[in-house]
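Enquirer: Take a look at this one; I'll ask things after.
The values are calculated or read from the model by the stated rules, or taken from the named source; none is laboratory data. These numbers come from a predicted model, not from an experiment. Note that each Cβ is placed from the backbone with ideal geometry, even for glycine, and that neighbours are counted across all protein chains shown.
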Amino acid sequence: MLLRRETPNLWTLLTPPAVWALHFLFCYVAAAIVCARYPASLDGLRLAIGLATMAALAIIAIAGRQAHRHWGFGSDLPPHDAPTPEDQQHFLGFATLLLCALSAVAVLFGALPALIIAECR
Amino acid sequence: MRVAGSLAPGVFLCACSGPQSALDPAGREASEVATLFWGMLAGAALIWLAVIGAAVFAGRVQKEPIGDRAGLRLILWAGAVIPTLVLAALLAYGLRLMPVLRAGEASLRVHVSGEQYWWRVTYERADGTRIESANELRLPAGRPAEIVLDSADVIHSFWIPALAGKLDMIPGRTNRLVLHPERIGTYRGVCAEFCGRSHAYMAFPVVVLPPQEFEAWLAREAAPAEVPATSTTDTGAFLANGCGGCHAVRGTAASGTIGPDLTHLASRLTLGAGMFANTSENRRRFVAEAETLKPGVRMPSFGALAPAELDAIAAYLGSLR
Ligand SMILES: [Cu+2]
């Protein structure tokens, strides 16, 4: 499982943005379908987007915890560019941590319209 | 330099008012947009000052480098946290505006269809009766009006900067815009999506009237053309040259729907979709040279007609009040 790795790799790096992409797709596709088919009430859509958002944030939080560990809990500062396995670890961990922050913000921004928009128009 | 300095404020002020300015709002949505614009301008100016200030501080005042930790903290706060918070606030503010602007029970519905290069305008009253018009939009002040937008050919975009933001007119799709005109006056709307060679000549006047005046105008617009029966203004030349195949003049045999409805042409402010002042001279010229004046127009030029016949047509058009 990607979320329980001893060492980081490109897959752990890609997990948070992948979650963001899936969440984004889900929100837009779900809203498009609901507005085309059942525009009368948006409550179900809101609930679905809320649950998807919580799930996405939870995965990103776990990925972030793991990335924090891979980074060595910030024991030394970037740029982590020495040609050693340890610096490779720290580099990937730190990059993943930053991507986690970006993805979390993006997921929240993507879900915000569902919270505020009142109707399909 | 001094001349430029004293001219500059004048130039900016000119650009802020007038019939086609989003910064001189006459409707609810345009007011919100203008407020947002000024707020964002002020915020952007503050951020700019802070960034330039930091650069000056780093270059002139404190010449020693700051520590790694402090540098990272600066990047974290000024580069990530604060921009994210500012964007989140703007996003929430903008999203919160949308339902407010779209809502409102409109008693008046106006269908506007974009066609290369003019506007088909149909007023629909609360009882469902429809009134055909073209190339001009009149609205009652202080009442919401629902504008139903579509297109007959390519994508156009409906934009009255003084009243609201723009909305695309897409073939095969119906878009809705609710306008809340608030200030009485005459404004200018434009097509805001490139739609062909005469795109720049696709505009229309917007007249916001006091509600009673609007009702009186709509009643006049609904009536057929009343043409004084004099020899110079009969329908003969108009019908004989096939104008009625494309244009409708209600109350006569002319019932074409390819071109704009001409029933009350002479009472419109402009001619050729906002292109010319609606004078008798321009009407004659438009009929004679439509294809040269407005490239790509779907109306043939009638310049080959005998001058007397053109005069008769122009006089007839001028009588359509
Ligand atoms: Cu157009």
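Enquirer: Among the residues of the stretch B:144-161, write down those that are over 16 Å from B:Y187 (Cα atoms) and within 15 Å of the ligand (Cβ to nearest atom).
Expert: If the condition is that a residue be over 16 Å from B:Y187 (Cα atoms) and within 15 Å of the ligand (Cβ to nearest atom), then B:L149, B:D150, B:S151, B:A152, B:D153, B:V154, B:I155, B:H156, B:S157 are the ones that fit.
Enquirer: Could you go through the stretch B:225-236 and let me know if any residue there is in contact with a strand residue (DSSP E or B) (Cβ under 6 Å, 6 or more places away or on another chain) and surrounded by 18 or more Cβ atoms within 10 Å (Cβ to Cβ).
Expert: So far as the stretch B:225-236 goes, no, none of its residues is in contact with a strand residue (DSSP E or B) (Cβ under 6 Å, 6 or more places away or on another chain) and surrounded by 18 or more Cβ atoms within 10 Å (Cβ to Cβ).
Enquirer: Now for a different question. Restricting to the stretch B:194-212, name every residue that is in contact (Cβ under 8 Å) with a residue 12 or more places away in the chain and part of a helix (DSSP H, G or I).
Expert: Across the stretch B:194-212, the qualifying residues are B:H199, B:Y201, B:P211.
Enquirer: Restricting to helices (runs of 4 or more DSSP H) lying wholly in the stretch B:1-95: which have 3 or more residues that are at pLDDT below 85, closer than 30 Å to B:A203 by Cβ and not assigned by TED's automatic domain parsing to the domain that holds B:G142?
Expert: On the way: elements: B:2-16, B:28-56, B:68-74.
Helices (runs of 4 or more DSSP H) meeting the threshold: B:2-16.
Enquirer: Read through the list (1) within 12 Å of the ligand (Cβ to nearest atom); (2) within 14 Å of chain A (Cβ to nearest Cβ), then give the number of the only condition that B:L167 fails.
Expert: Failed condition: (1).
Enquirer: Continuing with the same structure: Could you go through the stretch A:42-53 and let me know if any residue there is within 23 Å of B:A92 (Cα to Cα) and within 13 Å of another protein chain (Cβ to nearest Cβ).
Expert: yes
Enquirer: If only one of B:E115, B:E124, B:E146, B:E64 is crowded, with 20+ Cβ neighbours inside 10 Å and either acidic (D, E) or farther than 30 Å from B:R220 by Cα (or both), which one is it?
Expert: Exactly one residue qualifies, and that residue is B:E115.
Enquirer: I'd like the full set of residues that are surrounded by 15 or more Cβ atoms within 10 Å (Cβ to Cβ) and not in a helix (DSSP H, G or I), limited to the stretch B:280-299.
Expert: Those that are surrounded by 15 or more Cβ atoms within 10 Å (Cβ to Cβ) and not in a helix (DSSP H, G or I): B:K294, B:V297, B:R298, B:M299.
Enquirer: Give the residues of the stretch A:1-26 that are at pLDDT below 95 and over 19 Å from A:F94 (Cβ atoms), sorted by residue number.
Expert: A:M1, A:R4
Enquirer: Next question. Using the structure shown, decide if A:G72 is at positive phi and either assigned to a helix (DSSP H, G or I) or surrounded by 13 or more Cβ atoms within 10 Å (Cβ to Cβ) (or both).
Expert: Yes: the conditions hold for A:G72.
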